[in-house]
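I have placed the structure first, in the form of structure tokens, so that the comments after it can refer back to it.
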Amino acid sequence: MARRLALAFACLLAGCYNPVNEVTAGRYEHMCSEAERDGRLAAAEEACRRALINVRVGHVGPAAESQALYNLGRVKRKARKLDEAEVLLAESLKVQDTVSPPDAVKTGRRLAELAALYGQTGRYKEGWPYIERLMPVGNSYSGQERAVVKRIFQLYAQEYRKLGMQHEATQLEEKLKAL
């Protein structure tokens, strides 16, 4: 008995996985999605923030942390809290890179969000590393996601032409033809 108690206490101190936090995080993630769908961005932001807290406190794992960071970053971008969104999306990408291969669809979603954010703020040159990594993943998408990726590539190609970045613009235009 004393041994179990000591083990439980050690686990608590070490910050072991907690399934209660995983369930709670899932509930908040669902609330976030519903609020975002309804256009209630303040409520979505709060629910996504709480999901992230539960994922971290419960040590649910890097995949869940990446998803929670991504969700919160996406909502903050929609709410035009761009500096906060950039930090969260970059952190999500960093974590996702530890759990997925570089060409994975989930990684591509983070790259697309960051590219969109850099485009939204007119920082196209800074967005190139994300665009460059997104190009090989573009074929993996279909439907609305593919349309979004194509639109990002199209906008960047136009801006790169204006900026004199002809090589990059040509690469994107060729990729657009392949999509």
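No lab work stands behind these numbers, since they all come straight from the coordinates. Since the model is a prediction, treat every value here as computed from it, not as a measurement. Note that each Cβ is placed from the backbone with ideal geometry, even for glycine, and that neighbours are counted across all protein chains shown.
FRET efficiency for the S140 to H30 pair, using the beta carbon distance and R₀ = 22 Å, is estimated at 0.30. Along the range 82-97 the Karplus relation, 6.51 cos²θ - 1.76 cosθ + 1.60 evaluated at θ = phi - 60°, assigns HN-Hα couplings of 5, 5, 5, 4, 4, 4, 5, 5, 5, 5, 4, 4, 4, 5, 4, 4 Hz to successive residues, with x for each Gly and Pro. So, in Å, what gap is there between the alpha-carbon centers of the range 113-161 and the range 13-74? Using only Cα atoms, the two centres lie 26 Å from each other. Among the trypsin sites (Lys or Arg not before Pro) found in the range 28-76, those both in a DSSP coil and sparsely packed, with 16 or fewer other Cβ atoms within 10 Å of their Cβ, are R40.
Once Rg/Rh (Cα atoms, Kirkwood Rh) is worked out from the coordinates, which option in (i) 1.09; (ii) 0.98; (iii) 1.99 does it equal? The listed entry that was calculated here is (i). Taking all Cα pairs closer than 8 Å and separated by 6 or more residues, the relative contact order of the range 100-179 comes to 27 percent.
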